[in-house]
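So the structure is just underneath, and the comments pick up after that.
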Ligand code: SF4
């Protein structure tokens, strides 16, 4: 993984000093709230319902054991002993004190971390495939590009006061696990006709109040021109994006207002000038960065097959966990182990300081001291040798991190909602709880199979509800919490925005409504079909009829 | 009026006119629309011109070698359009004259502005330019090239 050198260290240190001074000036009344606001947001600091919320960047979701321990320490020392992993592969603390935030940033800097540009109208944390470097379906590891992009976008002098936030996602795999198509810029590593690697570039995807799937603006971009091309897109957006209405300010609105063709023309026109040698990525620069992401020293043996069979036979819970929470690894003898932060009764995405410490220990013991955050609010150990699976499973169980529900109904995505977020219209954590209580039969969940439920407490869509197979959006109806359901959303290669099921339902019947939807699915599914497949085949009508029949 | 120029506080030699006078004169900075109407007269008088974020700096291109000063207006400090205008002037058109930030100009944006090519700053009237000078020294690391000659770090590691 990437290690800071003298430059990176100096930059985060200087950033901490700068922010400390800004907080002091704010507290001394020398900076107004309006002046301080963008400054604190660009350091991830929100002023929230109960207390400030601090969002710490986890670049492309990659953490070392040392870093995770620091996150645990911060949770203990400055917060209430836990943190919340978000859909953007970051971590959020809900209870820090404003005066202490510079100290937190100082602690983070010691382990090569920061909160730079985790909010604000600037280029945000770059996200990536959480199986980068270990997936068999990968053309090239996207992380060297992600780190280069992180650096290029950090304190970018031209693009720090954009009309609105700007999100970039990258994947090098054929299967999209990074929801690339709902980002302001999405990058797929691809090979062209003559076998060269480059990027297929999407622009104008996004969620929020007006969701859009991104449009392909360039089928093939040479890797060396990545930065100049992105600079041109951002420049066109910075100049022409709307600034009068924050709901119409994302690049997706601009692209759709002027049309993809015109937008492309504008970008190409600027690019003629911007494609200069000084922005070209030299092969040496790429090689240098690749060095940080080289594969670890894998063992070459595999687990003894009889031992594995015996573990599975003697411990059905272990077998079930293995079948559900593991993914393939390209190195023989290794597996990816997911740690769902979705135990029944716990807010999705939350981890306690004890869990974080325990995971850091396990990562050191079993996975080359590396941990990853997924955009589904789970954690994973990317390189576990199969001979150590049983041992690891026992330890995960002790920590409540072995719930065998990866990809199932209860592996929900859920934003903080009304409990923490000042923008919320409705609670989302209580709904997650309701769903967990309603669907507490694991056999039934396994029968239902792969299903993604995603939930947001308001139109900002931090919980990605538009791209859930079942999306749930909290709305406020005359002071009461209601929930708008959508069906058919998809975050993958066939990305789709969900369609509205019908009028929003009251809070107490959300789980019941989902139950009705699942009945329709169970009655109608053909063999091998997931919920989303059945929905695509039979359409909205049967679901709608069932839910609203007696209304 | 004291302004910041080349990272020093100096007395301003220019007069910013939010509305243009009838006859072209020297040492005034006039609105882009008025300047366009009598381009040659303003140019030979030695006047400067100011543009908003919506104005197209592209139209200035032919006049750039003769323009002593261009000011770019930030109606609110969060409106970042003129950062791009500045980079176009400096990077695309190689503008060499004075490039000034006017409007809602505050200390905490000066570093970015300077990196985009601004070399003079008329701070908001209630702010102390002397104190604001500290902003230029806040960072010693620049990852990306802009208009201040810094190279991309990824080319030199
Ligand atoms: S979706 Fe709305 S309620 Fe949920 S975290 Fe985002 S802004 Fe807050």
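Taken together, the values in this text are just the output of simple stated rules run on the coordinates, not laboratory data. Keep in mind the model is a prediction, meaning the values are calculated, not measured. Reconstructed Cβ throughout: ideal geometry from the backbone, glycine too, with neighbour counts over all protein chains shown.
Structural remarks
- Inter-label distance, residue A:103 to residue A:137: 4.7 nm, where each label sits 7 Å from its Cα along the C-beta direction.
- Backbone N under 16 Å from the residue B:94 label point (7 Å along Cα→Cβ), restricted to region A:246-274: A:273-274
- Normalised contact order of region A:324-398, rounded percent, pairs of Cα under 8 Å and 6 or more residues apart: 33 percent
- 222 nm mean residue ellipticity, helices alone, for chain B (DSSP H n ≥ 4; -39,500 (n - 2.57); rounded to 500): -4500 deg cm²/dmol
- Computed FRET value (nearest 0.05) for residue A:222 with residue B:56, which takes r as the C-beta separation and R₀ as 35 Å: 0.75
- Label separation (residue A:295 vs residue B:37): 7.2 nm, computed from points 7 Å beyond Cα along the C-beta direction.
- Cβ neighbours within 10 Å from other chains - mean over B:92-99: 1
- Proxy reagent accessibility, fewest Cβ within 10 Å first, across B:79, A:533, A:301: A:301, A:533, B:79
- Per-residue [θ]222 nm for chain A (sum of -39500 (n - 2.57) over DSSP H runs n ≥ 4, rounded to 500): -11500 deg cm²/dmol
- Candidates B:147, B:86, B:22, ranked by Gaussian network fluctuation over chain B, Cα under 10 Å, top entry: B:22
- Relative contact order, whole percent, for chain A stands at 12, derived from Cα pairs under 8 Å and 6 or more residues apart.
- Counting DSSP beta bridges with both ends in the protein assembly as shown, the antiparallel % (nearest 5): 65 percent
- Nitroxide proxy distance, nm - points 7 Å out along Cα→Cβ at residue A:494 and residue A:309: 3.7 nm
- Per-residue shielding of B:141-150, expressed as the average number of other chain Cβ atoms within 10 Å of the residue Cβ, stands at 6.
- If the convex hull is drawn through the Cα atoms of the protein assembly as shown, its volume per residue in Å³: 168 Å³
- The calculated FRET efficiency for the pair residue A:515 and residue A:476, based on their C-beta separation and a Förster distance of 22 Å, comes to about 0.35.
- Per-residue average of Cβ from other chains inside 10 Å of A:37-44: 1
- Taking every alpha-carbon pair under 8 Å whose residues sit at least 6 apart, chain B reaches a relative contact order of 20 percent.
- The shape of region B:21-92 can be summarised by an equivalent ellipsoid whose semi-axes, obtained from the alpha carbon gyration tensor, come to 21, 14, 10 Å from longest to shortest.
- Choice from B:140, B:44, B:84 with maximal GNM fluctuation in chain B (Cα, 10 Å cutoff): B:140
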